[in-house]
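Here the structure comes first, spelled out in structure tokens, and everything after it is commentary.
The values are calculated or read from the model by the stated rules, or taken from the named source; none is laboratory data. Since the model is a prediction, treat every value here as computed from it, not as a measurement. With ideal geometry, Cβ positions are generated from the backbone for all residues, glycine too; neighbour counts draw on all protein chains shown. We work out accessible area using only protein heavy atoms, side chains counted, and drop any ligands, DNA or RNA first. Shrake-Rupley method; radii C 1.70, N 1.55, O 1.52, S 1.80 Å.
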Amino acid sequence: AVFPDGRRVVSCDGGGNTPGRLKVWDLATGECVATLEGHSLDVYGVAVFPDGRRVVSGSWKELKVWDVETGKCVATLEGHSLDVYGVAVFPDGRRVVSCDGGGNTPGRLKVWDLATGECVA
């Protein structure tokens, strides 16, 4: 995912049931400028907030919201029953949408209110 300033990107990884992590990259230098760790399994999706100060990531049954400057997880959103493959942030930065799925199981779309941490749709 690309930061609003266009100078950084964030990638996600993990594999073989290893802890997933996020890496923030400086496009001008190619250097990793931050590593965000805290998921217990693979990370499949990531999105950047409009202000560029936070990112959200999806993994097994959960999403995590990260403060990029401190590298700390500031919220964990739980409620999916499968791997979370897609995440996106609303333009106002107050809500996140996520989708899960797996195998022959139909996925679910959820909308999260970040002020309360609750699933609202």
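Note on region 48-68: residues that are in contact with a Lys or Arg (Cβ under 9 Å, 6 or more places away or on another chain) and free of Cβ contacts under 8 Å to residues at least 24 places away in the same chain total 1.
Of the residues examined, F3 is one that is crowded, with 18+ Cβ neighbours inside 10 Å and more than 12 Å from the chain's Cα centre (by Cα).
The set of residues from region 77-93 being in contact (Cβ under 8 Å) with a residue 40 or more places away in the chain and open to solvent by 50 Å² or more (accessible area, probe 1.4 Å) comprises Y85, P91, D92. Looking across V43, V96, one residue alone is crowded, with 17+ Cβ neighbours inside 10 Å, in contact with a Leu (Cβ under 9 Å, 6 or more places away or on another chain) and in a loop (DSSP other than H, G, I, E, B). It is V43.
Yes/no matrix, rows are residues, columns are (1) in contact with a Gly (Cβ under 6 Å, 6 or more places away or on another chain); (2) of a type in the set (V, I, T); (3) modelled with pLDDT under 95; (4) in a loop (DSSP other than H, G, I, E, B):
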residue: V9; (1), (2), (3), (4): no, yes, no, no
residue: G14; (1), (2), (3), (4): yes, no, yes, yes
residue: T18; (1), (2), (3), (4): no, yes, yes, yes
residue: W25; (1), (2), (3), (4): no, no, no, no
residue: T29; (1), (2), (3), (4): no, yes, no, yes
residue: V33; (1), (2), (3), (4): no, yes, no, no
